[in-house]
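Every number in this text was worked out from the coordinates using simple rules, so none of it is lab data. Predicted model, so just to flag it, every value in this text is computed and none were measured. For neighbour counting, all protein chains shown are included, and Cβ atoms are generated from backbone atoms with ideal geometry for every residue, glycine included.
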Amino acid sequence: MESVFSTSKRKLLLEVAWEVCNQVGGIYTVIRSKVPAMVEKWDDDYVALGPYFPQKAAVEFEPITEPDETEIGQTVRRMRQLGFHIEYGYWLVTGRPRVVLFDVNSISGDRLNQLKGQLWERYELSTINVEDLVNQVIAFGELVRVFITLLAEEHARRVDLVAHFHEWMASTGLPDLRRENVKVATVFTTHATMLGRYLAQNELGFYGKLPFFDWKREAQHYNIEAQATIERLSALQSHVFTTVSDVTARECEVFLGRNPDLILPNGLNIQRFVATHEFQNLHVRYKEKIHEFVMGHFFQSYSFDLEKTLYFFTSGRFEFSNKGYDLTLEALARLNWRMREANMDTTVVMFMVTRQPYHTIDPEVLHSRALLDEIRETSEAIQKQIGEKLFLAAASSNDIALPDLNAFVDEYWRLRLRRTIQSWKTKHLPPFVTHNLVQEDDMTRFIRQANLVNNEYDRVKIVYHPDFIASTNPLFGLDYGQFVRGCHLGIFPSYYEPWGYTPLECVVRGIPTVTSDQSGFGDFIMQIMRDYENRGIYVVNRKTQNFNEAADQLANILFRFVRMSQRDRIAQRNRVESIAEVFDWNNLRSYYDTAHDLALKRKKP
């Protein structure tokens, strides 16, 4: 009788993440883009829980001035009575879900030390000399634990509670919820294991060695024992444990001691255009903006035909080998050689977009762009002057021959144009990095070593932009999504990539993309469709090929791409955009629904 009764109870879903109203990493994209699909299903029974950082919250949080009489409102009031600083309101994103934000400064000093002592006594979780982030996370986890405990005490008889925790930063309170048998069904999702990220970039042949790592020894070696232990405890203590791809599931078994129950692939909130030509028009529009940057950057040294120029890009955090930047540059060096051998007149401009410490944008790069703008203004003034005088001459003259247009230009404008062009042109090679870096890095070293330094005879040009692209950027004047639309191909042959939003962001914008079978996205694509390459998604084999073989495969993919006709590239953009719907959260939410239902079944009544 109990099970029949429990299925008729209302369900309330709490989604707990460090990135709620706090844009700090990739999980922010996961949670934020998923909100509309979750609200569509759960309506007011979906609530997001996150940390309260006033400056971040100011942008996308709207407070509810007086807590309502809902279960959440009542619990917020109780916690405030206990002396905790809690914000309650709406997240100002599509779907406008209710959110509860916890001020991590509500727990500090002796109270924090007491919590750390309990973590050691109960779970042997060492927090000696941890970074401040771990302290904040422990405080946040305790506030979430208190909130869920109070909520369950008052309302679990009438409402089935599900709490879905994302990553170790949200879940330090999860083991105690289970230990104290709080009436809540728990789901824990790891989006990438802490140890996987560290080991993949430091251990040659990481995947081959995977079964033999001792998680504790490696965690101590990289000084991430607290983080790795929290992650492991959360995986072991949750009712349902999930991750984002089969690729990451292999790590979970070794590092977290449990196989995931389910895989929850990531999606986006996809709004497709009704008319297919609209996204093609946007591609042309934003490509023109990239043309402007390229003219300013390269044409002061030498020029090439922009109609025969292709824009490739890669982006992401600076993990040189994990993100496959090393493989990308090696393949580009080989592509450059092949294009020169084939005597091609096509030019490829490759943008390497990532964030690295820099002092300023290179003043020479800014100066060149400013002079180009002056040439444009002068040209437009001359154009206007010629246009007016030509019209007057044509209307008043009996001679039908075209007059000498030079006669229509004032000496002032001629001189100004000549001087500006003179001061703009240079014999120097265009710089391959747009900013003054604090220090040389793996990217600049590899570019020099491969001699991809923007020689005039090179068919492949490199622009390393060590900052993320935003509309406030003086070099491009585009936001990241617009920049992606203006390019022709995104290249992401990652060695370590639990999911991989960057290739997915290309797909939904109708831009062909390269991924790898070691990325969650690439692995998922290979599982769900056969003709992915025909659809404009290229998958580099990094599981069984060594670096040299993978570089060759990528160079072949790129060489085939640059030889495609414009008609074929347009057709491919249409095909790649048409599969975007597969990754709409409205279709992928069902994976989450399954996880929440399974957690409720496993929770003892």
Could you pull out which residues in region 335-379 have an amide N less than 12 Å from a spot 7 Å beyond the Cα of Trp413, following the Cα-Cβ vector? 377-379
Considering only DSSP beta bridges with both partners in region 27-118, what is the antiparallel share in %, to the nearest 5? 60
Distance-filtered residues of region 208-224 - backbone nitrogen under 12 Å, label point 7 angstrom along Gln439 Cα→Cβ: none
Within 10 Å, count the other beta carbons around each residue, average over each peptide in 466-479, 249-262, and list them highest first. 249-262, 466-479
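Fully extended, how many nm does the chain gain between Asp597 and Glu388 (0.36 nm per residue separation, minus their Cα-Cα distance)? Intermediate results must be reported in sequence, preceding the final value.
Details: separation 209, 0.36 × 209 = 75.24 nm, distance 7.32 nm.
Going from the current span to full extension adds 67.9 nm.
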Helix-only CD estimate at 222 nm, as mean residue ellipticity for the chain, using -39500 (n - 2.57) per DSSP H run (n ≥ 4): -15500 deg cm²/dmol
Taking the simple approach of a point 7 Å from Cα along Cα-to-Cβ for both Gln527 and Thr472, what is their distance in nm? 4.0
Taking Lys425 as the anchor, which lysines have their alpha carbon closer than 22 Å to its alpha carbon, excluding any fewer than eight residues away along the same chain? Lys289, Lys461
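Say R0 is 22 Å: what FRET efficiency, to the nearest 0.05, do Asp132 and His85 get from their beta-carbon distance?
Details: r = 18 Å, r/R0 = 0.84.
Once rounded, the FRET efficiency stands at 0.75.
Of Lys11/Lys34; Lys116/Lys604; Lys183/Lys216; Lys209/Lys323; Lys41/Lys603; Lys11/Lys56, which pairs sit farther than 25 Å apart, going by alpha carbon to alpha carbon? Display every interim value, and only then the final one.
Numbers: Lys11/Lys34 19 Å; Lys116/Lys604 29 Å; Lys183/Lys216 31 Å; Lys209/Lys323 19 Å; Lys41/Lys603 22 Å; Lys11/Lys56 30 Å.
Beyond 25 Å: Lys116/Lys604; Lys183/Lys216; Lys11/Lys56.
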Net length gained if the chain between Asp246 and Asn181 were fully extended (0.36 nm per residue, minus Cα distance): 20.3 nm
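Working out 0.36 nm times the residue gap between Glu549 and Lys427, then minus their Cα-Cα distance, what length gain in nm do you get to one decimal? Walk me through the intermediate numbers first.
On the way: separation 122, 0.36 × 122 = 43.92 nm, distance 3.77 nm.
Contour length minus Cα-Cα distance gives 40.1 nm.
Among 448-460, 546-558, 320-332, how do they line up by average Cβ neighbours within 10 Å per residue, starting with the highest?
Values: 448-460: 15.5, 546-558: 18.2, 320-332: 23.2.
Packing order, densest peptide first, comes out as 320-332, 546-558, 448-460.
I need the calculated FRET efficiency for the pair Arg258 and Arg77, taking r as the beta carbon distance and R₀ as 41 Å, to the nearest 0.05.
Values: r = 37 Å, r/R0 = 0.91.
Once the sixth-power term is evaluated, E becomes 0.65.
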Taking placed amide H atoms and a strict 5 Å upper bound, the residues 5 or more places from His191 or on another chain that come that close are Glu167
Rg(Cα) of the chain divided by 2.2 N^0.38 Å? 1.13
In nanometres, what is the gap between the two model label sites at Asn105 and Phe53, each 7 Å from Cα along Cα-to-Cβ? 1.4
Describe numerically, in nm with one decimal, the distance between label points set 7 Å from Cα along Cα→Cβ at Gln449 and at Glu581. 4.7
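Rounded to the nearest 5, what is the percent of antiparallel bridges among the DSSP beta bridges in the chain?
On the way: 11 of 62 bridges.
Among the beta bridges of the chain, antiparallel pairing accounts for roughly 20 percent.
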